[in-house]
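Novice: One structure coming up, written as structure tokens, with questions to follow.
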Amino acid sequence: MSQPPAATETPSRQRSTSPSPGPTPPSARMSDDESPQSQFGFVPKLTRLNYEDWVLQIEAYLTSLGHWYVLEEEEDETTGVITIPTAPTNKTSTDGKRWAKAERSASAVLMATACGRHAELVQKHRKQPYKLWKAIEAQNRQQDASLRHKAWIQFLAVHKKADETFVDYYRQAEAAKAKITRITPKSQTPDV
């Protein structure tokens, strides 16, 4: 069996003869639950528990660029009819080019921050940011409701065991309540 070639020494550093593996892909670094930061600064990566905050951060980021209008639905105050964002018909006009730039920005931030959890949706709608936005919303609303239901079931199942102290029982109930509080969107809790 032959030995691998020895590394050669240079004055400033040791150089390996094996090829460099290249940059580590983001998926190999950490899971989306472990690494909440994205390359878009304050916009977190979407995880199982941060959907409501993620939505607000996406809106803030795109608003700061002047690009939120490609995802924003508008509701007519008199009729209640919701209008979805629509691209200008003339794509070569100033408005058409502005729209295309805004869609690219929206697609980029959505794909970069949601790809870990929603890879299939990102692949399917990567050139249609509004459709991607709505698909992510639909999936997370359903999952959030399921998580809240599970948390409430766990809370209601807390009971004091015969060999358990009241302090331990209290801590168990507090932990279950804290989980409910953490995963319930702020829009679904009364202001106290």
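Novice: Would you kindly state how much longer the chain becomes between Trp152 and Leu49 on full extension, computed as 0.36 nm times their sequence separation minus their alpha carbon distance, in nm to one decimal?
Specialist: Full-extension gain reported as 35.6 nm.
Novice: Can you tell me the mean projection area, over all orientations, of the convex hull of the range 37-159's alpha carbons? Units nm², please.
Specialist: Mean orientational projected area (the range 37-159, Cα hull): 10.3 nm².
Novice: Rounded to whole Å, give me the distance from the Cα center of the range 98-133 to that of the range 47-97.
Specialist: Each part reduced to its Cα centre gives a spacing of 12 Å.
Novice: Now for a different question. If we count every other residue with Cβ under 15 angstrom of His125's Cβ, Lys/Arg +1 and Asp/Glu -1, where does the sum land?
Specialist: Value of the local net charge: +4.
None of the figures in this text is laboratory data; all of them are computed from the coordinates on show. Since this is a predicted model, take the numbers as computed values, not measurements. Quick reminder, even Gly has a Cβ in these numbers, built from the backbone with ideal geometry, and neighbours come from all protein chains shown.
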